[in-house]
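The structure appears below as structure tokens.
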Amino acid sequence: MKSVVHVIILTFLFFSTNATTIRVGNHQLFHTINSALLAASDRDTILVEKNVYFEKNIEITKQIILKGIDYPVLDGEHTYEIISIKADNVVVDGFKLQHSGVSSLVDIAGIKIYNKHNTQIINNILDDTFFGIYSQYGINCIIRNNSLNAHRTEEQQSGNGIHCWKSDSMQIIGNTISGHRDGIYFEFVTHSIIWRNYSFKNLRYGLHFMFSNDDAYVTNRFENNGSGVSVMYSHGVKMFNNYFKENWGDAAYGILLKEISDSYIQGNHFEKNTSGIYMEGAVRIDVTRNTFKNNGWALKIQASCMDIDLHENNFIGNTFDVGTNGSLVLNKFDKNFWDKYEGYDLNKDKIGDVPYRPVSMYSMIVEKYPSAMMLFRSFITSLMDKTEKVIPSLTPENLKDNSPLMKPLPL
Amino acid sequence: MITIDNISKQFGKLKALDGVSVMCDAAQSVALIGPNGSGKTTLIKCILGMVVPDSGNILFNEKNITNEWKYREQIGYMPQIGRYPDNMTIGQVIDMMKDIRYNNIAFDETLIEAFSLKNMYHKRMRTLSGGTRQKVSASLAFLFNPQVLILDEPTAGLDPVASEILKEKIIDEKKKGKLVLITSHILSELDDLITEVIYMQEGKLMFHKSLHQLHVDTGEIKLSKAIAKVMLNKVA
Amino acid sequence: MKKIIKYVITDILRNKIVLAYTIFLLAISFSVFSLEDNPTKGMLSLLNIILIVIPLISIIFSAIYIYNSAEFIELLVSQPLKRKSIWLSLFVGLSSSLSIAFLVGTALPVIIYAFSITGLVMIVIGLLLTIIFIAIAMLATLFTRDKAKGIGITILLWLYFSLLFDGLVLFLLFQFADYPVEKIMVVISAFNPIDLGRILILLKMDISALMGYTGAIFKNFFGTNLGLIISFIIMLLWIAIPVWLSVTKFHKKDL
């Protein structure tokens with residue numbers, strides 16, 4: 001008998017925890033998402049029909065799946081945070097969020113994850129939100145296929161697209177981000193991957209990366225961002241197959257590396273950036289099989305860097321190949337292709353017989369006296385460079401590629 | 001017609017003209033005589049405005065010529081050494097001059113005919129002999145029927161036939177009441193050309209007399225002898 | 001005056017050097033564009049030609065022409081012509097014939113291969129530099145009657161504008177590295193038409209960002225319409241002032 005009671009109780013529990021689907025819409029029982037949320041319990045699915053909802057703040061405290069049909073619009077009326085996720089295992093899928101509040105005190109977002117894990121935010125369109133998707137202490141969350149677009153013009157009044165703070169094991173995949181302050185922002189985020197995102201025309205950085213160790217970003221495109229991509233104070237970062245394009249400006253970089261160690265930059269394309277990679281205090285970085293094309297400076301390596309290993313890269317059409325500010329060189333250049341190489345290959349092993357010096361005298365002068373840029377492409381500077389090639393005096397003696405390739409690598 | 005009032009000109013240390021004053025009238029034919037470097041050519045160039053005097057005035061028909069250019073329409077100038085653009089032919093030079101000096105006056109082409117320059121119209125200036133150049137210069141000076149003719153060593157380099165033709169032309173023009181200014185070393189050929197003599201030395205005007213007066217003063221008929229006498233007297 | 005210009009131009013065009021100059025420019029421009037697969041790189045090579053070769057040829061050719069025309073000038077001066085119009089006719093004649101050579105030799109290939117705003121700016125700057133250096137050459141010839149000396153002076157002037165001036169600027173930069181000299185640099189660039197032209201072209205080539213902070217200052221000045229107008233006025237002054245000086249000097253010259 002006792003066991004029968006047990007079975008009945010268990011059956012009841014099973015039915016009560018079993019997911020139900022609640023619909024929200026004009027012709028449904030629930031007209032608002034908040035009312036549906038009140039009625040819902042964990043593991044329920046709330047389906048939202050197409051409409052414009054003015055719900056003020058939607059606070060999700062139950063482990064539910066919130067799914068939109070044909071992109072229902074959630075409007076924050078320029079005042080509210082639109083969705084706040086305060087439960088684990090929540091899914092937000094298929095909404096159009098617009099007009100979140102803007103504040104200089106609180107980071108108001110389109111969707112914000114508060115200290116929870118296993119959240120999925122997928123297929124949403126965010127338009128004119130302050131911060132887009134915000135994860136604070138999020139763990140193992142997926143942010144996928146969202147499109148975020150903001151229209152701010154001032155950095156101060158603009159938030160980041162995807163903002164992760166003190167999170168772990170995040171997956172940021174296939175999002176499109178533009179018009180924010182930073183496209184993707186990582187601070188104290190570990191073991192995460194950023195894959196196949198497109199971040200363009202953001203006011204500051206396409207990707208801003210700080211104190212975030214052991215992360216990877218792969219096959220992303222960063223174009224036309226105010227200052228390019230910045231990766232700072234981290235170690236164990238893998239940067240593979242990304243495109244860094246057209247980050248032109250006074251202080252714009254393909255990648256700005258600052259205090260980075262034990263990281264990999266491989267198979268990336270740097271095109272038309274003011275500086276392809278700018279390194280400061282970088283240690284033990286492997287830079288391999290990248291293409292540097294039509295940049296102002298392909299590389300700027302400050303003397304504070306060491307053990308940078310540059311090999312098998314293509315340098316094509318850059319104004320300056322390498323710029324540096326000191327004569328101390330603790331980095332290694334080997335087997336790269338330099339289109340400015342004028343050497344020869346007598347033994348036909350496809351490796352030039354004389355070393356290539358990628359630092360020109362004029363680039364040294366410019367590094368020291370930026371105003372000398374006024375003489376850019378003048379007769380005197382090209383004469384100086386020619387002379388320096390014959391009799392090196394100012395350029396660092398051991399900054400050279402001892403085995404430059406005669407033909408570009410197929411990258 | 002031309003009044004030169006106390007003009008001076010200095011080239012570096014050399015005083016080319018030193019307080020020269022002269023008056024010339026229409027229908028006169030003036031010989032400008034003096035040793036080499038006495039300032040004859042400089043004086044002529046001053047009248048033509050090619051050299052700007054340091055001080056003094058030049059009046060042409062009672063008008064100051066400083067910064068003027070129109071008065072040169074009244075002047076035909078034959079330089080000592082005629083220099084022309086090397087690449088042009090005689091025909092082109094003459095056409096060009098007609099083109100830039102065109103002023104509704106019938107061209108006086110008697111000298112061009114007389115020197116039979118038309119047969120040589122296709123020749124380039126750089127290929128010409130000094131004599132032919134002089135012929136071109138002379139033709140150009142008379143071409144525009146000017147009121148004043150300034151001839152700097154007109155017969156130098158000309159063969160006797162051409163020289164005669166030129167002299168005839170000068171006498172003709174004088175008869176028409178024009179002012180003719182001639183410099184020459186060959187005094188003998190000036191006898192039948194001139195009515196007045198201006199004698200210059202070291203940039204100074206020594207005297208300006210009519211030929212008749214000179215004859216009276218020196219008792220010589222020949223100009224060359226008269227001048228020689230003057231020079232001797234000066235030295236003495 | 002029109003007539004004299006006509007004679008000057010026919011005289012220069014009869015001179016085979018201008019024809020050779022045109023063909024030389026054409027050959028360089030076409031080879032630059034057909035050898036480089038990238039038109040931007042071709043433009044950069046052309047930039048060097050415009051900044052170095054064109055001023056050199058303009059200044060030397062004009063000086064030689066003026067010296068060789070001494071007789072012609074003398075002949076004209078004795079005629080009923082204004083000295084001012086004689087001198088200006090020479091200037092206009094030289095300018096138009098060398099400009100035609102430049103337009104055929106360089107502007108034409110640019111229009112065919114790389115027509116853009118940058119290309120247009122390059123053509124305008126090239127034309128201005130041609131005329132500026134003719135004006136400078138004509139002024140220089142009035143300082144000495146000696147042809148060899150005069151040509152020497154013009155070569156020195158070219159060397160000064162294309163090399164020594166920049167050397168001096170570099171030296172000043174090193175000396176005053178600790179001071180904010182960027183704004184002064186904008187002013188200094190006005191004292192060399194080649195530098196001014198180069199900066200104007202480079203700004204249009206969108207390389208300004210390369211120049212960093214300095215570039216920003218240049219862009220803030222030359223990039224604005226006002227700055228552009230001012231710089232073109234300065235370029236025109238580089239023509240007007242030497243021409244005006246040489247006209248006054250020629251007016252008093254003894255021939």
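The values are calculated or read from the model by the stated rules, or taken from the named source; none is laboratory data. Keep in mind that what you see is a predicted model, and the values were worked out from it rather than measured. Cβ sites come from the backbone with ideal geometry, for glycine too, and all protein chains shown count toward neighbours. The area values use the complete protein model at the heavy-atom level, side chains included, leaving out ligands, DNA and RNA. Shrake-Rupley method; radii C 1.70, N 1.55, O 1.52, S 1.80 Å.
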Output for the stretch C:22-47, where each listed residue is at pLDDT 85 or above, surrounded by fewer than 21 Cβ atoms within 10 Å (Cβ to Cβ) and closer than 30 Å to C:ALA140 by Cα: C:THR22, C:ILE23, C:PHE24, C:LEU26, C:ILE28, C:LEU47
Qualifying residue in the stretch B:2-9 (condition: under 30 Å from B:GLY177 (Cβ atoms), among the charged types (D, E, K, R), in contact (Cβ under 8 Å) with a residue 40 or more places away in the chain and in a strand (DSSP E or B)): yes
Residue in the stretch A:137-147 that is open to solvent by less than 30 Å² (accessible area, probe 1.4 Å), small (Gly, Ala, Ser) and within 26 Å of A:TRP248 (Cα to Cα) present: no
Within the stretch A:177-267, strands (runs of 3 or more DSSP E) holding 1 or more residues that are small (Gly, Ala, Ser) and within 18 Å of A:PHE292 (Cβ to Cβ): A:228-235, A:253-266
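Only residues that are outside any strand (DSSP E or B) and within 23 Å of B:THR42 (Cα to Cα): list them for the stretch B:177-198, please.
Of everything in the stretch B:177-198, those that are outside any strand (DSSP E or B) and within 23 Å of B:THR42 (Cα to Cα) turn out to be B:LYS178, B:SER184, B:HIS185, B:ILE186, B:LEU187, B:GLU189, B:LEU190, B:LEU193, B:ILE194, B:THR195.
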Tabulated pairs, the stretch A:232-251, first within 14 Å of chain C (Cβ to nearest Cβ), second among the β-branched types (Val, Ile, Thr) and open to solvent by less than 10 Å² (accessible area, probe 1.4 Å), C-beta under 7 angstrom, 6+ apart or interchain: A:ASN247/A:THR274; A:TRP248/A:THR274; A:GLY249/A:THR274
Test: residue in the stretch A:366-377 that is modelled with pLDDT under 80, charged (D, E, K, R) and within 17 Å of A:LYS340 (Cβ to Cβ): no
Filtered residue count, the stretch A:272-315, keeping only those that are in a strand (DSSP E or B), within 14 Å of chain C (Cβ to nearest Cβ) and more than 13 Å from A:ILE255 (Cβ to Cβ): 1
Residue, surrounded by the most Cβ atoms within 10 Å (Cβ to Cβ), within the stretch A:81-128, restricted to residues that are more than 20 Å from A:ASN34 (Cα to Cα) and of a type in the set (Ser, Thr, Tyr): A:SER103
Wholly enclosed helices (runs of 4 or more DSSP H) of the stretch C:65-124 bearing at least 2 residues within 14 Å of chain B (Cβ to nearest Cβ) and among the hydroxyl-bearing types (Ser, Thr, Tyr): C:83-102
Considering residues of the stretch A:44-66 that are of a type in the set (D, E, K, R) and over 19 Å from A:ASN118 (Cα atoms) only, the residue least open to solvent (accessible area, probe 1.4 Å): A:GLU55
Condition check for B:PHE107: in contact with a helix residue (DSSP H, G or I) (Cβ under 6 Å, 6 or more places away or on another chain), open to solvent by 50 Å² or more (accessible area, probe 1.4 Å) and over 26 Å from C:ILE12 (Cβ atoms): yes
Residue selected from the stretch B:41-64 under the condition in contact (Cβ under 8 Å) with a residue 12 or more places away in the chain, open to solvent by 10 Å² or more (accessible area, probe 1.4 Å) and in a helix (DSSP H, G or I), by the criterion nearest to the other protein chains (Cβ to nearest Cβ): B:THR42
Evaluation of A:ILE46 against (1) within 23 Å of A:TYR185 (Cβ to Cβ); (2) in contact with a Lys or Arg (Cβ under 9 Å, 6 or more places away or on another chain) (one fails), failing number: (1)
Set B:LYS167, B:LYS118, B:LYS174: member being surrounded by fewer than 14 Cβ atoms within 10 Å (Cβ to Cβ), of a type in the set (Lys, Arg) and in a helix (DSSP H, G or I): B:LYS118
Filter result for the condition that a residue is over 14 Å from the mean Cα position of the chain (by Cα), basic (Lys, Arg) and closer than 30 Å to B:TYR199 by Cα, over B:LYS176, B:LYS123: B:LYS176
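Could you list all residues from the stretch A:336-350 that are in contact (Cβ under 8 Å) with a residue 24 or more places away in the chain and surrounded by fewer than 17 Cβ atoms within 10 Å (Cβ to Cβ)?
A:ASP339, A:LYS340, A:GLY343, A:ASP345, A:LYS350
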Test: residue in the stretch B:141-150 that is more than 14 Å from chain C (Cβ to nearest Cβ), in contact with a helix residue (DSSP H, G or I) (Cβ under 8 Å, 6 or more places away or on another chain), touching a residue at least 60 places away in the same chain (Cβ under 8 Å) and assigned to a helix (DSSP H, G or I): yes
B:THR89 being at pLDDT 85 or above, among the polar types (S, T, N, Q) and surrounded by fewer than 20 Cβ atoms within 10 Å (Cβ to Cβ): yes
Count of the stretch A:19-31 residues which are in a loop (DSSP other than H, G, I, E, B) and either touching a residue at least 60 places away in the same chain (Cβ under 8 Å) or surrounded by 15 or more Cβ atoms within 10 Å (Cβ to Cβ) (or both): 1
Any chance A:GLU367 is open to solvent by less than 60 Å² (accessible area, probe 1.4 Å), within 32 Å of the chain's Cα centre (by Cα), over 16 Å from A:PHE315 (Cα atoms) and not hydrophobic (A, V, I, L, M, F, W, C): yes
Test set (1) within 23 Å of C:LEU44 (Cβ to Cβ); (2) at pLDDT 85 or above; (3) surrounded by 17 or more Cβ atoms within 10 Å (Cβ to Cβ) - C:PHE232 fails condition number: (3)
Residue list for the stretch B:65-78, filter: within 7 Å of chain C (Cβ to nearest Cβ) and in contact (Cβ under 8 Å) with a residue 12 or more places away in the chain: B:TRP69, B:ARG72, B:GLU73, B:TYR77
Candidate set: the stretch C:235-252, residues that are in contact with a helix residue (DSSP H, G or I) (Cβ under 8 Å, 6 or more places away or on another chain) and within 14 Å of another protein chain (Cβ to nearest Cβ); chosen: the one modelled with the lowest pLDDT: C:HIS251
Out of A:SER327, A:SER371, A:SER363, sole residue that is within 14 Å of chain C (Cβ to nearest Cβ), in contact (Cβ under 8 Å) with a residue 60 or more places away in the chain and not in a strand (DSSP E or B): A:SER363
